[in-house]
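What follows draws every value from the coordinates through simple rules; no lab data is involved. Bear in mind the structure is a predicted one, so any value in this text is a computation, not a measurement. Here Cβ is always computed from backbone atoms with ideal geometry, including for glycine, and neighbour counts include all displayed protein chains.
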Amino acid sequence: MNNTQKILIVEDDVKVANFIKKGLYTQNFESEIAFDGNQAKELLTKETFDLVILDIGLPDMSGLEVCGHIRKKNDKIPILMLTAMGSITDKLSGYEAGTDDYLVKPFDFMELLVRIKALLKRAVEPAIPTDTLHVADLQLDLKEKVARRSGKVIELTAREFNLLEYLMRNRGRVVSKVDIAEKVWDINFDTGTNFIEVYINYLRNKIDKGFDLKLIHTVIGMGYMLKNK
């Protein structure tokens, strides 16, 4: 690549950190290692990175706390979280903290590389110039990152907002769980988890609850559809 991209590896296990660093070097990526959260915060203030690989279990603080710190400073940089814990609760905690993707240890380096490239590609893709999406009385302001229904502001997390945006851009079309996993989460769908149903239910409670016209519909055996009738 012409412009070498730089990745911050936040990992307290020296062997794992060096394994990732060496692998990234073979793929023409530059990288720095932080062995704890405070070191990561310091490096992020001094240097510019294109992506952060973040271990959830750090010696001085949780990776979730570091993720939250990064998101307060920079809501654009892709964050890929590594963890030995792979439950749906752990994954939801990571997504709520602001991570973009999640990889459970132990992992194959090629899988890590695929995830990294997908996140970096998404980060540089040009934004679609549409500022506002409308379906019935639901409005999504992409500039202000605000959702409104019947003029009332609806509080959404970043992940809920992205999911709603995807459903609205595909209004009237059935989108599968695989579609959502790939387009919203940039991951391969794991049939053993139910985090997509969880987020659909979050949205239903915020978007449809209290309204006679339901916009989010389940198409049994196929997926979900957002429509106004």
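Per-structure values
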{"item": "Relative contact order (%) - the chain, alpha-carbon pairs under 8 angstrom, separation at least six", "result": "13 percent"}
{"item": "The chain - mean residue ellipticity at 222 nm from DSSP helices (-39,500 (n - 2.57) per run, n ≥ 4, rounded to 500)", "result": "-12500 deg cm²/dmol"}
{"item": "Dipole magnitude of the chain about its Cα centre (Cβ charges: Lys, Arg +1; Asp, Glu -1), debye to nearest 20", "result": "960 debye"}
{"item": "Rounded to 5, the percent of DSSP beta bridges in the chain classed as antiparallel", "result": "50 percent"}
{"item": "Most to least packed among 62-73, 211-222 [average Cβ atoms within 10 Å]", "result": "62-73, 211-222"}
{"item": "Leading residue at positive end of dipole, region 1-75 (Cβ point charges), from Thr4, Thr48, Val66", "result": "Thr4"}
